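The values are calculated or read from the model by the stated rules, or taken from the named source; none is laboratory data. Just so we're clear, the structure is a prediction, and the values are computed from it rather than from any experiment. For neighbour counting, all protein chains shown are included, and Cβ atoms are generated from backbone atoms with ideal geometry for every residue, glycine included. Side chains included, ligands, DNA and RNA excluded: accessible areas come from the protein's heavy atoms. Shrake-Rupley method; radii C 1.70, N 1.55, O 1.52, S 1.80 Å.
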Amino acid sequence: MKKNNEQTIGEAIKYFIQEHGMQERVLESMAIDAWHQQMGDFMKKYTDALYVKKRILFVKLNSPAFKNELSYGKSKIIEHINSTLKEQFIQDIRFL
């Protein structure tokens with residue numbers, strides 16, 4: 001906090017999120033956005049659903065071939081998503 005109770009909009013938003021216990025939800029949403037950012041538009045047509053539960057990213061794919069290929073690179077994908085989030089949030093990825 002700055003003197004005279006002044007703060008930037010970013011600081012105010014972070015404070016609001018912390019005070020209302022919304023950090024987990026915000027990180028879940030950011031992880032899903034990071035998946036799309038890391039995997040690109042090409043994978044959008046093969047991704048049916050994405051959700052995060054207990055720090056595990058669940059990805060429903062409509063291609064068994066991609067499911068198999070992506071399973072080999074899980075640790076690298078997790079690393080990239082967490083680096084985008086600037087936090088070790090995602091612990092595992094499950095391809096459905």
Per the rule of 0.36 nm per residue minus the C-alpha distance, extending residue 18 to residue 56 adds in nm 11.5 nm
Note down the magnitude of the dipole of the range 47-92 about its Cα centre, charges +1 on Lys and Arg C-beta and -1 on Asp and Glu C-beta and zero elsewhere, to the nearest 20 debye.
140 debye
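Report the antiparallel proportion of the DSSP beta bridges in the chain as a percent, rounded to a multiple of 5. Don't skip to the end; give the middle numbers.
Numbers: 6 of 10 bridges.
Within the chain, antiparallel bridges account for around 60 percent of the total.
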Over the C-alpha atoms of the chain, what are the Rg and the largest Cα-to-Cα span, Dmax, in Å?
16.3, 59
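Got a number for carbon plus sulfur as a percent of the range 17-81's accessible area, 1.4 Å probe?
Values: 2160 of 4270 Å².
Result for the range 17-81: 51 percent of the exposed heavy-atom area is carbon or sulfur.
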Heavy-atom accessible area per residue of the chain, all protein chains kept, 1.4 Å probe, expressed in Å², is 72 Å²
Along each principal axis of its Cα atoms, how long is the range 33-85 end to end? Whole angstroms, biggest number first, please.
26, 22, 20
